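Notes follow once the structure below has been shown.
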Amino acid sequence: MLSNARSSGWPQDQLHYEFFSAAPQKLATDGSFEVKLASSGRTIRVAADASVTSALAAAGILVPTSCEQGVCGTCLTRVLEGEPDHRDMYLTPQEQAANDQFLPCCSRSRSACLVLDL
């Protein structure tokens, strides 16, 4: 249905859809990276097999979550530096391209470090 609407000329921002779950998107190329908290300068390593939210929680930093699959947007976090690897289904393609926010429950980093507005 969405492809029909797009081919009929409907603008992307006028198309609305809802997901009830997301498929895991672990890739063989996933590696570790760091997130830096802008408020404190603290740096936390995110292992290849961990999510950003789980790495933060292990370090005592709680980010509100709900679905933990990149569907609901509860954990939406601003990115101040670095390039996120968007794996969510919440942000529009335009919002993902801006690279100024991401969902740390499922998304990762294309750069060695992401500076987060936390």
Residue hits (the stretch 52-74; touching a residue at least 40 places away in the same chain (Cβ under 8 Å), out of contact with any Cys (no Cβ under 7 Å at 6 or more places or on another chain) and under 18 Å from Val35 (Cβ atoms)) are Val52, Leu56, Ile61
Scanning the stretch 91-118 residue by residue, the ones that are more than 12 Å from the chain's Cα centre (by Cα) and either crowded, with 18+ Cβ neighbours inside 10 Å or closer than 19 Å to Leu56 by Cβ (or both) total 6
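Taking the stated definitions as given, is Ser21 modelled with pLDDT of 95 or more and either in a loop (DSSP other than H, G, I, E, B) or over 20 Å from Val115 (Cβ atoms) (or both)? Before you say what the answer is, go through the steps one by one.
On the way: modelled with pLDDT of 95 or more: no; either in a loop (DSSP other than H, G, I, E, B) or over 20 Å from Val115 (Cβ atoms) (or both): yes.
Considered against the rule, which asks whether it is modelled with pLDDT of 95 or more and either in a loop (DSSP other than H, G, I, E, B) or over 20 Å from Val115 (Cβ atoms) (or both), Ser21 comes out as no.
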Exposed (fewer than 15 other Cβ atoms within 10 Å of the Cβ), more than 15 Å from Ile44 (Cα to Cα) and not acidic (Asp, Glu), is that true of Thr65? no
Notebook entry, point to check: Can you find even one residue in the stretch 61-78 that is more than 12 Å from Cys105 (Cα to Cα), under 11 Å from the mean Cα position of the chain (by Cα) and at pLDDT 95 or above?
Noted result: yes
Answer yes or no as to whether Gly82 is modelled with pLDDT of 95 or more, buried (at least 19 other Cβ atoms within 10 Å of the Cβ) and not β-branched (Val, Ile, Thr).
-> yes
Counting only residues in the stretch 75-99 that are in contact (Cβ under 8 Å) with a residue 24 or more places away in the chain and out of contact with any strand residue (DSSP E or B) (no Cβ under 8 Å at 6 or more places or on another chain), the one nearest to Val35 (Cα to Cα) is identified as Cys75
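For the stretch 37-62, what are the residues that are in a strand (DSSP E or B) and crowded, with 16+ Cβ neighbours inside 10 Å? Spell out how you get there, then give the answer.
Step one: of the stretch 37-62, the residues in a strand (DSSP E or B) are 37, 43-46.
Matches in the stretch 37-62: Leu37, Ile44, Val46.
The values are calculated or read from the model by the stated rules, or taken from the named source; none is laboratory data. The shown structure was predicted, so the numbers you read here are calculated from the model rather than taken from an experiment. Neighbour counts run over all protein chains shown; Cβ positions are idealised from the backbone, glycine included.
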